[in-house]
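The values are calculated or read from the model by the stated rules, or taken from the named source; none is laboratory data. The structure displayed is predicted, hence computed values, not measured ones. Note that we place each Cβ from the backbone using ideal geometry, even for glycine, and neighbour counts take in every protein chain shown. For the accessible areas, the whole protein counts, side chains as well, though only heavy atoms, and no ligand, DNA or RNA atoms are used. Shrake-Rupley method; radii C 1.70, N 1.55, O 1.52, S 1.80 Å.
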Amino acid sequence: MQAMNLPSLDEANLAGGRIQRSSSLVEDVYEAIFAQLMSLKIAPASRITVDSLVKEFNVSHTPIREALGRLEGEGLVLKTHLIGYRAAPQITKRRFDELYELRLLLEPHGAAKAAVLMDEVKLAQLQTSAGVMARREGKDERLRYSNFARQDAIFHDKVMEFANNELVRETLAHQHTHFHIFRLMFHSRVTEEALDEHEAILAAFAAADPAAAEQAMRRHIEHSRDRLLLAFD
Ligand SMILES: [Zn+2]
């Protein structure tokens, strides 16, 4: 596993029970646990006890359980009857290979189709979602990393939406690919290089060039695979 840049607890503004009570309490708790899962502060396959989260965040059981339920739906948390919650285990090398084979079969083709069907409104949406990823504000590295993972999922999902095949889009969405792959390695390289690759995809969309879009998407997914393969060393 690659060396990780875990910030100290003091830097993490959601750690240490400083979650403010608000109407979006469940949302805040969800985001905090999500960030810990994505950055491996909560290790894959480890037990998650509701009581310890209650103490850590200084909130009641209800928002914790709601947040965990949502994370269960996203494949990041598993619930076992009478035993409780644990973090989903790390993706296996075999599953990783299968996932990238699936992506390489579907996403470059989807990008080519999306490029043909591209218009200014769609392009603006893609640029916006890519732009959110590029922002580096906020001190909490963990939160930034987890936001990047989610935003990358949205970006790729949008491309598939614009490729106009709901079955392909759903097939990819059900894998929760980005949540699993980003959990392999908590490292800035994972995000920095992806930004340039997204730029290349956007340029191809802006030019409405299907061949260039297909190639840029293929290159991005291949590079993503190669970056994360290091996690299995
Ligand atoms: Zn991406």
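Details
- What you get for region 79-233, charging only the Cβ of Lys and Arg (+1) and of Asp and Glu (-1), is a dipole of about 740 debye around the Cα centre.
- Charge dipole of region 106-233 about the Cα centre (unit charges at C-beta), most positive-ward option of Q127, F232, A206: F232
- Of the residues L172, I42, V190, the one whose Cα sits farthest toward the positive end of the charge dipole of the chain, with +1 on the Cβ of Lys and Arg and -1 on the Cβ of Asp and Glu, is I42.
- Partner aspartates and glutamates for K122 [C-alpha distance under 13 Å; skip if fewer than 8 residues away on the same chain]: D157, E161
- Inter-site label distance for A211 and Q127 at 7 Å from Cα along Cβ, in nm: 2.5
- Å² of accessible area per residue within the chain, as computed with a 1.4 Å probe and no ligands counted: 49
- Beyond 28 Å in Cα-Cα separation lie the following of the pairs K41/K79; K55/K79; K79/K158: K79/K158.
- In Å², nearest 10: area of D209 left accessible to a 1.4 Å probe: 60
- Top of H81, H156, H176 by mean-square fluctuation, Gaussian network on the chain, Cα under 10 Å: H81
- Computed from the alpha carbon atoms alone, the convex hull of the chain holds 127 Å³ per residue.
- Rounded percent of accessible protein surface that carbon and sulfur make up, the chain, 1.4 Å probe: 52
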